[in-house]
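> One structure is given below, represented as structure tokens, and several questions about it will come after.
The values are calculated or read from the model by the stated rules, or taken from the named source; none is laboratory data. Since we're looking at a predicted model, the values are computed, not measured. Cβ placement follows ideal geometry from the backbone for every residue including glycine, while neighbour counts extend to all protein chains displayed. Only protein heavy atoms, including side chains, enter the accessible area calculation; ligands, DNA and RNA are left aside. Shrake-Rupley method; radii C 1.70, N 1.55, O 1.52, S 1.80 Å.
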Amino acid sequence: MKFLILNGSPRKNGKVSRMLHLIEEALVADGNSAEFFDVASLTFKACTGCMACRSKKSCVLPQDDAHTIARKIQECDGIIVGSPVYWGNINGQLKCLFDRMVGVMMGESAHGMPIPLHKGKKAAIVTSCTTPFPFNILAGQTTKAERALTEILSYSGFKLRAKLRLAGTKGMKELPPGIRNAAKKAATALR
């Protein structure tokens, strides 16, 4: 199977990135292919809200890295998306990228209802936040970021198979020992 991995964190060696790489390693060890992209390294313009993508099924802005990611989304069998939690939501650069993907992710019926374009494809979500457990859940930090990603992916037809979350990262230097096993479980769930 072919997987696309999107790291929404601007930190290439941050916790989200490291967790995504653990999932990538497990997927590749199982004989899958995976392409990893750091969203912060991509160059693309923000969505202008022209809505032309709804009928054209692709963004009409000049070619940039958002078009490359759109093709990768169309070609993949599954997607793994990671984001740090910022103000109880996903990273702004990742949100900006997904705003550009609307025409590739979902269609629209004549009545304006979403039509998923990626039915049968699998997805996993990775998040990290500085708020310690259980306050990351009670305050809605992690859950709101997960809800945003779940909404984007589910309306596009992706079936969410795994969530990997890490809370209380303030001052944390190394990933906790259990994360490696959790990443392997996430990769297994994407089969």
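> For the subset of region 80-98 comprising residues that are of a type in the set (Phe, Trp, Tyr) and more than 12 Å from the chain's Cα centre (by Cα), which member is surrounded by the most Cβ atoms within 10 Å (Cβ to Cβ)? Full working, then the answer.
Here is the first cut: in region 80-98, the ones of a type in the set (Phe, Trp, Tyr) are 86-87, 98.
Next, only the ones that are more than 12 Å from the chain's Cα centre (by Cα) stay: 86-87.
On the way: Tyr86: 16, Trp87: 9.
Ranking the qualifying residues of region 80-98, first place goes to Tyr86.
> Identify all residues within region 33-69 that are in contact with an Asp or Glu (Cβ under 8 Å, 6 or more places away or on another chain) and either crowded, with 17+ Cβ neighbours inside 10 Å or closer than 16 Å to Leu94 by Cβ (or both); write none if there are none.
Filtering region 33-69 down to residues in contact with an Asp or Glu (Cβ under 8 Å, 6 or more places away or on another chain) leaves 34, 36, 42-47, 54.
Ala34, Phe36, Leu42, Thr43, Phe44, Lys45, Ala46, Cys47, listed by residue number.
> Related question: Is it true that Gly140 is in contact with a Lys or Arg (Cβ under 7 Å, 6 or more places away or on another chain) and at pLDDT below 95? Break it down stepwise before answering.
On the way: in contact with a Lys or Arg (Cβ under 7 Å, 6 or more places away or on another chain): no; at pLDDT below 95: yes.
No; evaluated as a whole, the condition is false for this residue.
> Next question. Give the number of residues within region 86-103 that are within 20 Å of Lys12 (Cα to Cα) and in contact with a Lys or Arg (Cβ under 8 Å, 6 or more places away or on another chain). Show your work before the answer.
Step one: of region 86-103, the residues within 20 Å of Lys12 (Cα to Cα) are 86, 89-98.
Next, only the ones that are in contact with a Lys or Arg (Cβ under 8 Å, 6 or more places away or on another chain) stay: 89.
Residues flagged as within 20 Å of Lys12 (Cα to Cα) and in contact with a Lys or Arg (Cβ under 8 Å, 6 or more places away or on another chain) within region 86-103 amount to 1.
> With Gln63, Gln74 as the choices, which residue is farther than 28 Å from Thr131 by Cα and in a helix (DSSP H, G or I)? Outline the logic, then answer.
On the way: Gln63 fails: in a helix (DSSP H, G or I).
Result of the check over Gln63, Gln74: Gln74.
> Can you tell me which residues in region 70-79 are under 21 Å from Leu22 (Cα atoms) and either free of Cβ contacts under 8 Å to residues at least 60 places away in the same chain or open to solvent by less than 10 Å² (accessible area, probe 1.4 Å) (or both)?
Of the residues in region 70-79, the ones under 21 Å from Leu22 (Cα atoms) are 72-73, 76-79.
Answer for region 70-79, where residues must be under 21 Å from Leu22 (Cα atoms) and either free of Cβ contacts under 8 Å to residues at least 60 places away in the same chain or open to solvent by less than 10 Å² (accessible area, probe 1.4 Å) (or both): Ile73, Cys76, Gly78, Ile79.
> Could you list, in sequence order, the residues of region 22-32 that are touching a strand residue (DSSP E or B) at 6+ places or on another chain (Cβ under 7 Å) and either without any contact (Cβ under 8 Å) to a residue 12 or more places away in the chain or not in a loop (DSSP other than H, G, I, E, B) (or both)? Working first, answer last.
Of all residues in region 22-32, those touching a strand residue (DSSP E or B) at 6+ places or on another chain (Cβ under 7 Å) come to 23-24, 27-28, 32.
Once the filter is applied, which keeps residues that are touching a strand residue (DSSP E or B) at 6+ places or on another chain (Cβ under 7 Å) and either without any contact (Cβ under 8 Å) to a residue 12 or more places away in the chain or not in a loop (DSSP other than H, G, I, E, B) (or both), region 22-32 yields Ile23, Glu24, Leu27, Val28.
> Looking at Gln141 and the list (1) open to solvent by less than 70 Å² (accessible area, probe 1.4 Å); (2) more than 24 Å from Glu35 (Cβ to Cβ); (3) in contact (Cβ under 8 Å) with a residue 40 or more places away in the chain; (4) in contact with a helix residue (DSSP H, G or I) (Cβ under 7 Å, 6 or more places away or on another chain), which single condition is not satisfied?
(4)
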